[in-house]
Amino acid sequence: MRKALRWLLALVVLIGTLSTAGAATAAQSEATGTDIKDQLLAIPGMSLIEEKPYTGYRFFVLNYTQPVDHRHPSKGTFQQRITVLHKDVSRPTVFYTGGYNVSTNPSRREPTQIVDGNQVSMEYRFFTPSRPDPADWSKLDIWQAASDQHRIFKALKKIYTKNWISTGGSKGGMTATYYERFYPKDMDGVVAYVAPNDVVNDEDSAYDRFFTKVGTAECRDRLDAVQREALVRREPLEKKYAAYAAENGYTFTTIGSLDRAYEAVVLDYVWGFWQYSLLSDCATIPADAKTASDDDIWNSVDTISGFSFYTDQGLEPYTPYYYQAGTQLGAPTIHFPYIEKKYIRYGYQPPRNFVPRSIPMKFQPYAMRDVDTWVKHNAHHMLFVYGQNDPWGAERFRVGKGSKDAYVFTAPGLNHGANVAGLVADEKTLATARILAWAGVPAASTAQAKPLAAFDKKLDVRDVQREPTLRP
């Protein structure tokens, strides 16, 4: 592997020279003399929500009119929220989506910092407020979402004419991959972070194997013991849960009962720890679960899994995700051999249990198989980055013989926040060099390939965003 990396690094050195970077922000296009805001708003269907100042950039929150159904554009439209972090029309552009809501505050993803470029961010369809009204849920699928990106790209490419790279983390990494599968000519490169790939929804043994090896035996034993103890103490802790729900006005109509919600939270506990925490965080887990107080068990589970999540109020913002998990994306199911069966009443519950029954769902097993096959045989200019200790990486994308200039790297010791910066030195250098090359900014010295923009602690979000467990 290291010989292959050295060969690839040497090859990249021959590709070209490092372009100068750090150009001053272009409030106006040199070619037209028109203010960038006016150029954006001249796009048919584009409207301004607000502009927020940020030194060195222009940041716009916008609405863009999209068809509810790209196959039948005349059958209604909706307003999709996007943001534009404008650097300069002469710089490359990164197209980002997290696969959920879009942040309306300026931020810069890792590829944007690496190429010192512009960034367009898209809110995924059906996440409010980017939801058609009335909502025809059958129009929430990976092709329709990819077509949203395609239309945005076509509209903005007329302004941002340099190279484009798509990116996203977790469900956003999946989204970037699906976009490439359906519109492979749009982007010049793809950087997909921690993207799950559930090809066969009913076969999840890879996750069970993962949990027998991740971290250390001592850490695994601590987590397993707390999880088991939370189910052993179900009665007193559910009384605490009922009081907590009453105090906060939480209800359980969608999942069916407080008891179902309680078990779902507890069964998320071990997964949630490895998704968001590091091995060093094991010190925060009660060392002896059997002698720990009820409050200690409750607080540990609540900190990692979150008792508010499986309430109606916690689930509602993520209805679009669970709908997709239950119709196309698939969802993991794991087992708990260290917990006696008498303590587990429901097991890992399917996505159907987290979506209101008024919304019909039917699973399409061919959707992920199609994408997986396409990536193996057609991946071109694609980089997948995973974290060694992230459960979602147990089922991942892999590139095959038909792929070209495509890579799958794993950041040692990292979780669901894994990134290029966390890779081992050779892989980090190669990944950075390829991103620069795909963006049209090839490096003169690959061995010293570095982000072209300086790190900005406010703009560059490196830590994994804390989100509900069992959701990529």
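The values are calculated or read from the model by the stated rules, or taken from the named source; none is laboratory data. If you're wondering where the values come from, they're calculated on a predicted model, not measured in any experiment. Here the Cβ is made from the backbone with ideal geometry for all residues, glycine too, and neighbour counts use every protein chain on show. Only protein heavy atoms, including side chains, enter the accessible area calculation; ligands, DNA and RNA are left aside. Shrake-Rupley method; radii C 1.70, N 1.55, O 1.52, S 1.80 Å.
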Ordering of 412-425, 344-357, 279-292 by packing [mean C-beta count within 10 Å, highest first]: 412-425, 344-357, 279-292
Cα-Cα pairs of the range 116-177 separated by more than 16 Å (percent): 51
Sites GLU316 and GLU218, calculated FRET efficiency, Cβ-Cβ separation with R0 41 Å, nearest 0.05: 0.60
Per principal axis, descending, Cα span of the range 279-326 in whole Å: 40, 24, 14
Net lengthening on full extension, GLU235/HIS380 (0.36 nm per residue, minus Cα-Cα): 46.8 nm
Descending principal axes extents, the range 28-83, alpha-carbon based, whole Å: 40, 24, 13
Size of the range 55-170 as Cα extents on the principal axes (Å, biggest first): 40, 25, 23
Calculated SAXS-style log₁₀ I(q)/I(0) at q = 0.13 Å⁻¹ - the range 112-232, Debye, Cα scatterers: -0.73
Computed over the range 362-457, Kirkwood Rh from alpha-carbon pairs, angstrom: 14.8
Percentage relative contact order, the range 128-206, counting C-alpha pairs under 8 Å, at least six apart: 29
Estimated Rh, the range 183-256: Kirkwood, alpha-carbon pairs, angstrom: 17.3
Anchor LYS158: aspartates and glutamates whose Cα lies under 15 Å away (excluding residues fewer than 8 positions away in-chain): GLU30, ASP35, ASP38, ASP88, ASP186
Ranked by how many other beta carbons lie within 10 Å on average, peptides 225-233, 85-93 from highest: 85-93, 225-233
Cα-only Debye scattering, the range 168-212: base-10 log of I(q)/I(0) at q = 0.20 Å⁻¹: -0.71
Gain in span if fully extended, ASP456 to THR55, counting 0.36 nm per residue against the direct Cα distance: 143.3 nm
Proximal charge balance of MET187 [Cβ under 15 Å; K/R count +1, D/E count -1]: +4
For the chain, accessible area per residue (1.4 Å probe, heavy atoms of protein chains only), Å²: 42
Estimated Rh, the chain: Kirkwood, alpha-carbon pairs, angstrom: 23.4
Translational diffusion coefficient (Stokes-Einstein; Kirkwood radius from C-alpha pairs) of the range 223-372 at 10 °C, 1.306 mPa s, in µm²/s: 97
Two-site label geometry, LEU279 and SER205: point separation in nm, points 7 Å out along Cα→Cβ: 2.7
Share of carbon and sulfur in the accessible heavy-atom surface of the chain [1.4 Å probe, %]: 52
Distance from the range 199-213 to the range 312-337 (C-alpha centre basis), Å: 16
